[in-house]
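Accompanying notes for the structure given below.
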């Protein structure tokens, strides 16, 4: 059950991008599901069978695992980084004193925690860098994916509930609230776990709704820039300047601008994203760019010819590691 073909969480977003972008293109802007709408619940189609050929198995010494708990859990069920316990405890404490049955690590909890982690990065990481793709699109996915993909669903909670016990299972945590124990590689899909409704798939338009909702509450999430070698030295970049005047911070949330910018930034970052994953980089880039071009063609996006990456040179967190337009550990668990 070797999972050598599965990349880590830094690649979880691009790995599903092609299929999700195609679904988003077909669904169109009007198909974005309004937040709070009851998606319904169908037990027969949503229950995930974790027995038989997909029974949980511990990884062997040759099996590869990355930082993404979702991918690791799938790998451990035949679908082919270590958790920082201080950060885990910090997140888990947001539901302190709440029973498992009543607990819920929903987007309200996770987005607030994300804002806290962002500030912690600014306060403690002199190399923090928030890139135009990695920071604006990939980093929030690390939080929204937790609730949107890991939450258990039921007739009582058709939109999903991510309880303490479910979260612990996906992150390979056992033990008590006061004495958690992490067993690397043992992430597991829980028993009696029900996936999202098949009529309520988490598409790219849906993800962008979550991204925009978070940015409205915490505008700092859209700040491109980083610390300049010392803590609390964040220097922001004007999007207008490095995007050739095509976009501005004040207009990023207007119309399709954010969606356009994210996809176009993905195209700019694509060479770094795929070069260490695919042996045939050219074919991978052509395939990804074709899909993104199809999506962009229906959005009426302004033409972004290139992003002036030279403006990132002042940030040691960017120049020290350009792969995937690096962000700090702020976006990782």
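The values are calculated or read from the model by the stated rules, or taken from the named source; none is laboratory data. Keep in mind that this is a model prediction, so the values were computed, not measured. No Cβ is skipped: glycine too gets one built from the backbone with ideal geometry, and neighbour counts run over all protein chains shown.
Laid out as a table, the results:
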quantity	calculated
Condition met for residue 273 (modelled with pLDDT of 85 or more, touching a helix residue (DSSP H, G or I) at 6+ places or on another chain (Cβ under 7 Å) and either in the same structural domain as residue 306 (by the TED database) or surrounded by 14 or more Cβ atoms within 10 Å (Cβ to Cβ) (or both))	no
Flag for residue 208 being modelled with pLDDT of 95 or more, surrounded by 13 or more Cβ atoms within 10 Å (Cβ to Cβ), assigned by the TED database to the domain that holds residue 129 and under 17 Å from the mean Cα position of the chain (by Cα)	no
Residue check for residue 105: touching a helix residue (DSSP H, G or I) at 6+ places or on another chain (Cβ under 6 Å), surrounded by fewer than 21 Cβ atoms within 10 Å (Cβ to Cβ), at pLDDT 95 or above and in the same structural domain as residue 179 (by the TED database)	no
Odd one out for residue 165, checked against (1) buried (at least 23 other Cβ atoms within 10 Å of the Cβ); (2) out of contact with any strand residue (DSSP E or B) (no Cβ under 7 Å at 6 or more places or on another chain)	(1)
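Yes/no per residue for (1) part of a loop (DSSP other than H, G, I, E, B); (2) touching a strand residue (DSSP E or B) at 6+ places or on another chain (Cβ under 6 Å); (3) under 21 Å from residue 305 (Cα atoms):
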{"residue": "190", "(1), (2), (3)": "yes, no, no"}
{"residue": "199", "(1), (2), (3)": "yes, no, no"}
{"residue": "205", "(1), (2), (3)": "no, no, no"}
{"residue": "210", "(1), (2), (3)": "no, no, no"}
{"residue": "214", "(1), (2), (3)": "no, no, no"}
{"residue": "220", "(1), (2), (3)": "no, no, no"}
{"residue": "231", "(1), (2), (3)": "yes, no, no"}
{"residue": "241", "(1), (2), (3)": "no, no, yes"}
{"residue": "245", "(1), (2), (3)": "yes, no, yes"}
